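The values are calculated or read from the model by the stated rules, or taken from the named source; none is laboratory data. The structure displayed is predicted, hence computed values, not measured ones. When we count neighbours, we look across all protein chains shown, and the Cβ atoms used for this are built from the backbone with ideal geometry, even at glycine. Areas reflect the complete protein model, heavy atoms only, side chains present, ligands, DNA and RNA absent. Shrake-Rupley method; radii C 1.70, N 1.55, O 1.52, S 1.80 Å.
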Amino acid sequence: MIDSILRGLRQPEYVHVLLNPLPVYGLLIAWIGLLIAFFSKSRAPDRHISTVTHQLASAWPVYEFGQQAYDRVLSMATKMVGVAHEHRDRGEDLIWIFYALAL
């Protein structure tokens with residue numbers, strides 16, 4: 001069982017799928033926490049700003065593993081080639097927003 005998990009972690013498409021929710025859902029949860037802390041006037045916003053920054057920074061490995069996995073996934077896809085192209089194009093367009101927000 002451990003061998004199959006380690007084998008999967010060596011394949012970029014599996015790592016991409018595993019990390020893909022972090023920048024999107026993690027950022028949403030971090031922003032909600034930041035807004036709650038801000039409006040409750042507590043001193044906790046510093047902690048939430050750090051969480052937001054970490055979630056934004058997680059976009060970089062997601063993008064890199066996605067780029068590495070693209071050719072492998074495209075060779076396996078038969079009917080979903082258009083979806084794969086659209087997913088890659090959307091990622092290439094939106095990664096700059098994540099980078100800018102992280103800075």
### Task
Please compute the Cα-Cα pair-distance distribution of the chain with 5 Å bins starting at 0, giving whole percents from short to long.
2, 12, 18, 19, 16, 13, 9, 6, 4, 2, 0
### Query
Accessible area of Ile32, 1.4 Å probe, to the nearest 10 Å²?
90
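Exactly which trypsin sites (Lys or Arg not before Pro) in the range 47-103 are in a DSSP loop and have at most 12 other Cβ atoms within 10 Å? Mind dumping the intermediate values first?
Numbers: sites: Arg47, Arg72, Lys79, Arg88, Arg90; in loops: Lys79.
Those satisfying the criteria are Lys79.
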### Query
Hey, what's the range 29-103 come to in accessible area per residue, 1.4 Å probe, Å²?
75
